[in-house]
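Have a look at the structure below, then the notes.
What follows is calculated from the coordinates using simple rules that are stated; it is not laboratory data. This one's a predicted model, so the numbers in the text were calculated from it and none came from an experiment. As a convention, Cβ positions derive from the backbone with ideal geometry for all residues, glycine included, and neighbour counts pool all protein chains shown.
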Amino acid sequence: MAGQRRKATLADVARRAGVSAATASRALSSRGHASPSARDRVAAAARELGYTPDPVARALATRGGGTRIAIAVGGHTAHVVNDPYVARVTAATAVTAAARSVGVSLHWLPLHDPAELVRLAESRDVGGVVVVNPTPAALAAVPRTARGRVAAIGVGSRDVPSFDVDNAGGATNVVEHLLATGRRRIAMIAGPSWLPCTHRALTAYRRAAEAASTPPRVVEGDFTAARGDRAATEVMARWPDTDAIFALGDLSALGALDALRRKGIDVPGDVAVAGFDDLPVTSLTHPALTTTTHPVEAIATAAATTLLDRHPHPPVTFYPSTLIHRAST
């Protein structure tokens with residue numbers, strides 16, 4: 001039996017007509033500029049290929065928004081958009097959006113200006129916003145009229161559904177693993193205090209430590225290797241008998257490994273080290289880093305799909321995190 005014929009896409013129409021995808025979209029939707037010649041060629045190509053516009057993409061173009069999803073990343077400076085985590089979110093969102101002939105743009109959401117999220121959500125050329133590193137102030141600024149047009153990766157609100165890793169469960173698994181290997185003086189390099197979603201992991205760490213009758217030892221981090229290095233140095237200065245360090249973020253854990261190596265501290269002989277994220281590089285370090293998974297691509301895909309489909313979604317969706325035991329513990 002012959003295979004089912006692939007449905008023609010907007011990109012196919014654009015190639016057949018010899019125009020850009022943007023021009024083809026404008027020609028088919030009658031929105032924006034396109035020359036009469038281009039409109040005729042696009043219409044002819046669509047007929048020849050049997051192309052029918054994706055109803056979701058068309059809805060994005062006509063329901064007060066545009067044909068792109070904006071990714072808004074909260075942070076103190078614009079440098080936050082360079083984080084490898086943001087790159088993973090952006091790539092997964094772009095793949096999801098491209099399947100619907102929808103584009104993606106990346107924006108910094110300044111912590112000092114939460115209203116920037118409102119401006120994005122209300123922009124005519126934005127069909128939906130995925131907020132990364134959301135704060136209560138930013139979410140509180142989102143008007144109810146933007147319901148269904150904003151999704152969060154992290155914490156959410158009554159009007160903004162959230163998608164995130166179960167970092168509390170992941171943190172608990174890491175601490176319990178360290179305890180099972182005989183560690184009793186476990187320090188944590190936490191996330192930045194302004195980021196609410198990291199509080200779940202910190203609370204889980206404190207509870208696991210309390211249950212094991214071990215005093216908590218917490219130093220604030222920011223998910224970077226440089227801060228992980230400084231934080232590990234601070235840990236060893238304040239608590240020299242520390243026998244394990246759990247960093248909420250693999251880059252922070254790698255920074256901690258460097259700091260311990262410089263001090264001549266053996267890992268895992270003297271101090272065990274564990275991270276969070278399971279970045280590909282963690283299997284290649286010396287020693288290879290124990291960590292716990294963070295299904296960023298699945299999370300970003302779910303957030304983007306919710307915006308594209310415009311379907312109601314549970315207010316909070318957590319994705320499990322799985323412990324990856326390697327040589328550093």
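As a test of the formula, what do you get for the chain when each DSSP H run with n ≥ 4 contributes -39,500 (n - 2.57) and the sum is divided by the residue count, at 222 nm and rounded to the nearest 500 deg cm²/dmol?
-12500 deg cm²/dmol
Between region 161-180 and region 195-222, how many Å separate their Cα centres?
Spelled out, the Cα-based centre of one part sits 11 Å from the other.
Note down the net charge around T233, summing +1 for each Lys or Arg and -1 for each Asp or Glu among other residues with Cβ under 14 Å from its Cβ.
After counting each charged neighbour, the total is +3.
Given contacts defined as C-alpha pairs under 8 Å and at least six residues apart, what's the relative contact order of the chain, whole-number percent?
Relative CO of the chain lands at 15 percent.
Please order M188, M236 by the number of other Cβ within 10 Å, starting at the fewest. Display every interim value, and only then the final one.
Numbers: M188 28, M236 20.
Least crowded to most crowded, the residues run M236, M188.
Report relative contact order for region 167-292 in percent, whole number only (criteria: Cα-Cα under 8 Å, sequence separation at least 6).
25 percent
Just want the answer: with Cβ charges of +1 for Lys and Arg and -1 for Asp and Glu, which residue in V95, L49, V142 is farthest toward the dipole's positive end in the chain?
L49
Does region 191-246 classify as rounded, prolate or oblate by the C-alpha gyration tensor (a ≥ b ≥ c root eigenvalues; a/c under 1.5 gives rounded; else a/b over b/c gives prolate, otherwise oblate)?
Cα axes put region 191-246 in the oblate bin.
How big is the antiparallel share of DSSP beta bridges in the chain, given as a percent to the nearest 5?
Around 5 percent of the beta bridges assigned by DSSP in the chain are antiparallel ones.
Would you mind classifying region 68-160 by shape? Square roots of the alpha carbon gyration tensor eigenvalues, ordered a ≥ b ≥ c; an a/c under 1.5 is rounded, otherwise it is prolate if a/b is larger than b/c and oblate if not.
Numbers: a/c = 1.68, a/b = 1.12, b/c = 1.49.
The shape class here is oblate.
Would you mind calculating the gained length between H286 and L49 on full extension (0.36 nm times residue separation, minus the Cα-Cα distance), in nm to one decimal?
79.9 nm
Got a sec? How would V129, V86 order by Cβ neighbour count within 10 Å, fewest to most?
Lowest to highest Cβ neighbour count: V86, V129.
With angles folded into 0 to 90 degrees, how steeply does helix 296-309 sit against the dominant principal axis of the chain? Use alpha carbons for both and round to 10.
30 degrees
Long-range amide H contacts for V150: which residues qualify at under 5 Å (H placed 1.01 Å from N, peptide plane, sequence gap of 5 or more or a different chain)?
V129
Give me T290, T181 sorted ascending by neighbouring Cβ count inside 10 Å, so fewest comes first.
T181, T290
Charges at C-beta only: +1 for Lys and Arg, -1 for Asp and Glu. How large is the resulting dipole of the chain about its Cα centre, in Debye rounded to 20?
Dipole about the Cα centre, nearest 20: 1320 debye.
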